[in-house]
Amino acid sequence: MLVLDGKIAAAAVKAELKTQTTALSAAGKPAPHLAAILIGNNGASETYVASKVKNCEETGFRSTLVRFEDSVDEADLLQTICLLNENLDIDGILVQLPLPKHISEQKVIEAIDPRKDVDGFHPSNIGKLVQGLPTFIPATPYGILLLLEFFNIQTKGKHAVVIGRSNIVGRPMSILLSSNLPQGNCTVTLCNSYTTNLTEICQQADIVIAALGKPEFMQPEMIKEGAVVIDVGITRVDDATAKKGFRIKGDVHFESVAPKCSAITPVPGGVGLMTIAGLLKNTMQAYLQNRP
Ligand code: GUN
């Protein structure tokens, strides 16, 4: 059983990006510049955005963090996005989700210039993804493709079962795995919380993408011997014995599932790190496409 170590794969992606930013700097060119908008004080969102900013530094990117209170006016937020769209020195824009209830996620996503939409959430970018056209691939599915590529996991002709149909992970992942890509050409089953025979479907999977957000939901009886299991879960579970008072749990019960797998991602240290690698690659792509 191979542990698909996100730390090693992400380090390889970041080293390549660092080489690119070093060359840009040597040529007297500015570094790619990511703008991240964070609203409120959601602990998990704070951690993710801090990690995005730190990873920008490590790869020679610039980043600007724009923070708002939970009570921010939707109009003020949209105005800020508009200014970032117009700012020629900003290459990529992301608004960390989830948003406070009074703000329309759809309006915010559609306000971002698709050319700077490094999350790949804008409907025009998702449309391109569905049609197999070049675009920004949402960071988590992108990171999973990079992980599969790094560890040379074959996908062609395999049955991939994706559990969870979110716009951020499951749905774009299902489209990518079914596309004619090096890490695609799978037969894909996309499951949701109404799927009645989930265990039977999962038992047929050569590749399982668990992105349902339920800690340790996936148990060994759901997994075929030799399957590849990709765990997208990152739920904080209260644990008084942990230093921070919680532990991060994946959607897969690692200890019991891992022995059945040919390959599996750990949590933490798997997909999460690759998500940031995907975001950085998208930011470099935006830079190369948008700068004259
Ligand atoms: N919240 C959870 N995942 C993501 C992501 O990939 N991008 C943004 N902007 N917010 C998220």
Residues (touching a residue at least 12 places away in the same chain (Cβ under 8 Å), more than 16 Å from the ligand (Cβ to nearest atom), part of a helix (DSSP H, G or I) and closer than 20 Å to Ser178 by Cβ) located in the stretch 115-144:
Val130
Filter the stretch 258-286 down to the residues that are within 13 Å of Leu34 (Cβ to Cβ) and open to solvent by 10 Å² or more (accessible area, probe 1.4 Å), then identify the one that is farthest from the ligand (Cβ to nearest atom).
Gln285
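Restrict the check to the stretch 233-243 and report whether at least one residue is within 22 Å of Leu148 (Cα to Cα) and surrounded by fewer than 17 Cβ atoms within 10 Å (Cβ to Cβ).
No - not one qualifying residue is present in the stretch 233-243.
From the list Asn55, Asn41, Asn87, which one is at negative phi and modelled with pLDDT under 95?
From the options Asn55, Asn41, Asn87, the qualifying one is Asn41.
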Please go through the stretch 87-107 and pick out each residue that is over 19 Å from Arg291 (Cβ atoms) and open to solvent by less than 50 Å² (accessible area, probe 1.4 Å).
Val95, Gln96, Leu97, Leu99, Pro100, Ile103, Ser104
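Can you pull out the residues in the stretch 87-114 that are in contact with a Phe, Trp or Tyr (Cβ under 7 Å, 6 or more places away or on another chain), assigned to a loop (DSSP other than H, G, I, E, B) and within 14 Å of the ligand (Cβ to nearest atom)?
Residues of the stretch 87-114 that are in contact with a Phe, Trp or Tyr (Cβ under 7 Å, 6 or more places away or on another chain), as a first pass: 91, 96, 109.
From the residues that got through so far, the ones that are assigned to a loop (DSSP other than H, G, I, E, B) too are 91, 96.
Residue satisfying the conditions is Gln96 alone.
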Exactly one of Leu65, Leu38, Leu34, Leu84 is surrounded by 15 or more Cβ atoms within 10 Å (Cβ to Cβ) and assigned to a helix (DSSP H, G or I), and that one is Leu84
Can Ile168 be described as within 16 Å of the ligand (Cβ to nearest atom), closer than 23 Å to Thr189 by Cβ and either in contact with a His (Cβ under 7 Å, 6 or more places away or on another chain) or in a loop (DSSP other than H, G, I, E, B) (or both)?
yes
With the requirement that a residue be hydroxyl-bearing (Ser, Thr, Tyr) and either in contact (Cβ under 8 Å) with a residue 24 or more places away in the chain or away from the ligand (no atom under 16 Å from the Cβ) (or both), what does the stretch 235-257 give you?
Thr241, Ser256
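Against the condition in a helix (DSSP H, G or I), aliphatic (A, V, I, L, M), in contact with a Ser or Thr (Cβ under 6 Å, 6 or more places away or on another chain) and open to solvent by less than 20 Å² (accessible area, probe 1.4 Å), how does Leu177 come out, does it pass? Explain how you work it out, then say what you get.
Numbers: in a helix (DSSP H, G or I): yes; aliphatic (A, V, I, L, M): yes; in contact with a Ser or Thr (Cβ under 6 Å, 6 or more places away or on another chain): no; open to solvent by less than 20 Å² (accessible area, probe 1.4 Å): yes.
Considered against the rule, which asks whether it is in a helix (DSSP H, G or I), aliphatic (A, V, I, L, M), in contact with a Ser or Thr (Cβ under 6 Å, 6 or more places away or on another chain) and open to solvent by less than 20 Å² (accessible area, probe 1.4 Å), Leu177 comes out as no.
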Here's a check for you: in the stretch 145-165, which residue that is more than 25 Å from Glu200 (Cβ to Cβ) and within 16 Å of the ligand (Cβ to nearest atom) is least open to solvent (accessible area, probe 1.4 Å)?
Leu147
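The values are calculated or read from the model by the stated rules, or taken from the named source; none is laboratory data. Predicted, not measured: the structure shown is a model, and the values here were computed from it. Cβ coordinates were reconstructed from backbone atoms using ideal geometry, including for glycine residues, and neighbour counts include every protein chain displayed. Just so you know, the surface numbers come from the protein's heavy atoms only, side chains and all, with ligands and any DNA or RNA stripped out. Shrake-Rupley method; radii C 1.70, N 1.55, O 1.52, S 1.80 Å.
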